[in-house]
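The values are calculated or read from the model by the stated rules, or taken from the named source; none is laboratory data. On a predicted model such as this, the values are computed, not experimentally measured, just so you know. Positions of Cβ are backbone-derived with ideal geometry, glycine not excepted, and every protein chain shown enters the neighbour counts. Please note that ligands, DNA and RNA were not included when accessible areas were found on the heavy atoms of the full protein model with its side chains. Shrake-Rupley method; radii C 1.70, N 1.55, O 1.52, S 1.80 Å.
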Amino acid sequence: MKKNNFFLFAALALQLAACNNGDTVKEKETAILTAKAGITEKPFGTFEGKPVIEYAITNASGMQVCIINYGGAISRITTPDNKGEMGDVVLGFDNLDGFLQKGNPYFGGLIGRYGNRIAKATFSLDGKQYTLAANNGVNALHGGNKGYDKVYWNIEKQAGDSSLKLTYTSPDGEEGYPGTLKMEVIYTLTSANELKIEYTANTDKATPVNLTSHAYFNLSAGADSTILGHELMMKAAQYTPVDSTLIPTGKIDAVAGGPMDFNTPKLIGRDIANVPGGYDHNWVLSRSGSGLELAARLVHPGSGRVMEVYTTEPGLQFYSGNFLDGTLTNTKGGKKYVWHGALCLETQHFPDSPNQPSFPSTLLKPGETYHHTCVYKFSTQQ
Ligand code: GLA
């Protein structure tokens, strides 16, 4: 294919696959002619009286990431396969109603104040007991009934046209957590096809903080209904075993060649039948320091798409989409999101840390700054 034709083809594929569903053919043609690196905006509905915009960041090679104000959610990630064909590799919805539906399992959302579970929805701090909403059986999950995936995030485009700055201030006592938490999340799409997520937060009272992102990946971009044929590597010699309600027992076990061992890449479907309920655990990353380090590598052999995960955090929750059951509505293109239809790789601190004195602390005190960086890097292999 001639170079110019290639670019036109790439732009066409991008626009057809990307954030412009529902536009007229004429609008699409205009979009094709203007497709270039930068940030575009498209109305996506209204939430609590405020406009929800879908921001699309496109880089020079045509990769695109879309973010919405509702939940600060990643609504789309379009990356090339090993033949250069673009495809959307995250689950999501065609419209805001999809995101707002009861039972939306946190698609793409920013999660907090405490991502993952807190046992019996309670913790003690400085001699005081705090009670949270028990929104997952008796436990608290992902920040409560209205976690940060269900609030309106302000979004500002940043100089350089490749980053968005999202801000949200969580009031003192929101969902039972102490202290006003001021947060900033920066999403950047780099020229090296990396989606970088940088979190910072400050508080005016001591509070537990564990922020993460809940994107559901399926690198086949719709070709495979499940992720059982994806190959996963996780750099972790240990994990935190859980009880029947998915609360860590407090032990740290070696993966030791068993079903939880992903140090050597293996198909997710290989051992999953030996893990009751499927994978939904926190791995203790084998780290050499506190900087950004490789945590996981995911490959979809059919398309050759590869995603590497880098983080500054000590843990990684690998969730194999065990609760997806095909019942969500307003899904992209009406697709059925079935059992194991996608997976999450959530960089984080360990679940239930506020009640587990042996785990790394998640306590943020006034005067300190919470920092967390996560990079999802996309590439291909033959
Ligand atoms: C997390 C949890 C899972 C599940 C999903 C959302 O990853 O660990 O148990 O609650 O979120 O459905």
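Just to check your reading of the model, which residue among L316, L294, L285 is in contact (Cβ under 8 Å) with a residue 12 or more places away in the chain and within 15 Å of the chain's Cα centre (by Cα)?
Details: L294 fails: within 15 Å of the chain's Cα centre (by Cα); L285 fails: within 15 Å of the chain's Cα centre (by Cα).
Going through L316, L294, L285 in turn, just one is in contact (Cβ under 8 Å) with a residue 12 or more places away in the chain and within 15 Å of the chain's Cα centre (by Cα): L316.
Can you tell which of T46, T24 is at pLDDT 95 or above, of a type in the set (V, I, T) and open to solvent by 50 Å² or more (accessible area, probe 1.4 Å)?
Within the list T46, T24, the selection yields T46.
I want to confirm something. Restricting to segment 124-154 and keeping residues that are under 21 Å from K50 (Cα atoms) and either of a type in the set (D, E) or open to solvent by less than 60 Å² (accessible area, probe 1.4 Å) (or both), which single residue is farthest from the ligand (Cβ to nearest atom)? If you could, list the steps in order and put the result at the bottom.
Of all residues in segment 124-154, those under 21 Å from K50 (Cα atoms) come to 145-154.
Filter once more, so that each one left must be either of a type in the set (D, E) or open to solvent by less than 60 Å² (accessible area, probe 1.4 Å) (or both): 147-153.
Details: G147: 11, Y148: 14, D149: 10, K150: 13, V151: 17, Y152: 21, W153: 19 Å.
Filtering segment 124-154 for residues that are under 21 Å from K50 (Cα atoms) and either of a type in the set (D, E) or open to solvent by less than 60 Å² (accessible area, probe 1.4 Å) (or both), the one farthest from the ligand (Cβ to nearest atom) comes out as Y152.
Are any of the residues in segment 113-123 more than 16 Å from the ligand (Cβ to nearest atom) and closer than 24 Å to L316 by Cβ?
Yes, some residue in segment 113-123 is more than 16 Å from the ligand (Cβ to nearest atom) and closer than 24 Å to L316 by Cβ.
Among the residues of segment 353-372, are any touching a residue at least 60 places away in the same chain (Cβ under 8 Å), within 17 Å of the chain's Cα centre (by Cα) and open to solvent by 10 Å² or more (accessible area, probe 1.4 Å)? Lay out the reasoning, then the answer.
Of segment 353-372, the ones touching a residue at least 60 places away in the same chain (Cβ under 8 Å) are 353-356, 358-359, 362-366, 368-372.
In the following step, the residues that additionally are within 17 Å of the chain's Cα centre (by Cα) were identified as 371-372.
Still in the running and open to solvent by 10 Å² or more (accessible area, probe 1.4 Å): 371.
Scanning segment 353-372 turns up at least one residue that is touching a residue at least 60 places away in the same chain (Cβ under 8 Å), within 17 Å of the chain's Cα centre (by Cα) and open to solvent by 10 Å² or more (accessible area, probe 1.4 Å).
Look at segment 62-76 and say how many of its residues are surrounded by fewer than 24 Cβ atoms within 10 Å (Cβ to Cβ) and of a type in the set (A, V, I, L, M).
Qualifying residue count, segment 62-76: 1.
Any idea which of G341, G326 is in a loop (DSSP other than H, G, I, E, B), under 28 Å from P276 (Cα atoms) and either without any contact (Cβ under 8 Å) to a residue 24 or more places away in the chain or basic (K, R) (or both)?
G326
Across segment 45-94, what is the total count of residues that are assigned to a strand (DSSP E or B) and under 22 Å from A221 (Cα atoms)?
22
Being within 13 Å of the ligand (Cβ to nearest atom) and touching a strand residue (DSSP E or B) at 6+ places or on another chain (Cβ under 6 Å) is the filter here, so list the residues in segment 271-287 that pass it.
Correct list: Y279, D280, H281, N282, W283.
If you go through segment 92-123, how many residues are on the phi > 0 side of the Ramachandran plot, surrounded by fewer than 23 Cβ atoms within 10 Å (Cβ to Cβ) and not hydrophobic (A, V, I, L, M, F, W, C)?
Number satisfying all stated conditions: 2.
Determine whether segment 337-346 contains at least one residue that is of a type in the set (S, T, Y), farther than 26 Å from K128 by Cβ and more than 16 Å from the ligand (Cβ to nearest atom).
No - not one qualifying residue is present in segment 337-346.
Within segment 107-215, which strands (runs of 3 or more DSSP E) (wholly inside it) include 1 or more residues that are among the aliphatic types (A, V, I, L, M)? Before you say what the answer is, go through the steps one by one.
Values: elements: 122-125, 128-131, 154-157, 163-170, 181-189, 194-203.
So the answer is 122-125, 154-157, 163-170, 181-189, 194-203.
Please count how many residues of segment 94-114 are touching a strand residue (DSSP E or B) at 6+ places or on another chain (Cβ under 6 Å) and more than 25 Å from H349 (Cα to Cα).
Going through segment 94-114 one residue at a time, the tally reaches 2.
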